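Enquirer: After the structure tokens below, expect a handful of questions from me.
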Amino acid sequence: MATPCGIRVESLADHPGLLEQVGLLRWKEWAYGAPDAAPFIEVTAREAGRGGLLPMTLVAIDVAGGGGAVGAVGLGPVDDELSAAERAGRTPWILGMVVAAESRKQGVGRQLLENLQDLAASLGHPRTWVATGDEAVGFYQRCGWAPVGRLRLESTGIPTTILTKPT
């Protein structure tokens with residue numbers, strides 16, 4: 001689907017040549033000094049999606065700039081950063097939302113989320129959930145998400161907000 005901001009949002013599974021680019025985007029955003037991008041690329045490959053089953057990932061492709069990945073977002077049955085108690089039976093979860101630094105504030109993230117909400121609805125999910133750090137809460141709220149709780153992740157101790165949005 002072409003968008004006003006010059007990108008196309010498509011299934012990452014349909015673009016295996018972009019798996020490494022998306023993995024590298026995620027590594028740059030969340031590695032916190034980890035020298036090896038391979039684990040990020042491996043997780044991205046596992047979450048790319050096949051056959052209409054979760055997890056699956058959407059990729060924002062810069063059609064005007066050579067067809068590279070400028071963002072991605074996944075949808076999965078669980079967010080592995082959360083414990084079962086923290087997930088509290090809620091599903092599905094937004095996973096690995098990332099937009100390249102040079103493509104931010106151009107509507108890429110919003111378009112990814114809108115397409116992901118449509119995907120979730122087509123799979124029969126009445127709402128989606130996201131767990132995010134403080135720096136992204138405002139972005140999700142501007143995109144129509146409502147906070148429903150705050151916690152410190154059992155796994156890392158990082159303060160996290162849980163938000164939801166009907167599909």
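Derivation of every value follows stated rules applied to the coordinates shown; laboratory data play no part. All values derive from a computational prediction rather than experimental measurement. Neighbour counts are summed over all protein chains in view; Cβ atoms, including those assigned to glycine, are modelled from backbone coordinates with ideal geometry.
Enquirer: Give me the extension gain from Lys28 to Glu81: residue separation times 0.36 nm, minus the current Cα-Cα distance, reported in nm with one decimal.
Expert: 17.3 nm
Enquirer: Here are labelled values, [x] 90, 46, 28; [y] 40, 40, 28; [z] 43, 37, 32, and one is the computed Cα extents along the principal axes in Å for what I pasted. Which one?
Expert: It is the one labelled [z].
Enquirer: Counting only residues 5 or more places away or on other chains, whose amide H sits under 5 Å from the amide H of Gly68 once H atoms are built in the peptide plane?
Expert: So Gly68 has HN proximity to Asp62.
Enquirer: Let me ask another. Which of the peptides 91-99, 146-154, 10-18 is most tightly packed, and how do the rest follow, going by the mean number of other Cβ atoms within 10 Å of each residue?
Expert: 91-99, 10-18, 146-154
Enquirer: May I ask for the distance between the Cα centers of the range 98-132 and the range 7-78, given as a whole number of Å?
Expert: 13 Å
Enquirer: Another question, if that's okay. Going by how many other beta carbons lie within 10 Å of each one, how would you line up Thr167, Thr160, Thr57, fewest first? Mind showing how you got there, number by number?
Expert: Values: Thr167 16, Thr160 21, Thr57 26.
So the residues, fewest neighbours to most, are Thr167, Thr160, Thr57.
Enquirer: Same structure again: Pull up the DSSP beta bridges for the range 7-166 and report the antiparallel fraction as a percent, rounded to 5. Don't skip to the answer; put the middle values down first.
Expert: Details: 29 of 30 bridges.
Roughly 95 percent of the DSSP beta bridges within the range 7-166 come out antiparallel.
Enquirer: Can you compute the charge dipole magnitude of the chain about its Cα centre, using +1 on each Lys and Arg Cβ and -1 on each Asp and Glu Cβ, nothing else charged? Give it in debye, rounded to the nearest 20.
Expert: Charge dipole, the chain, about its Cα centre: 480 debye, nearest 20.
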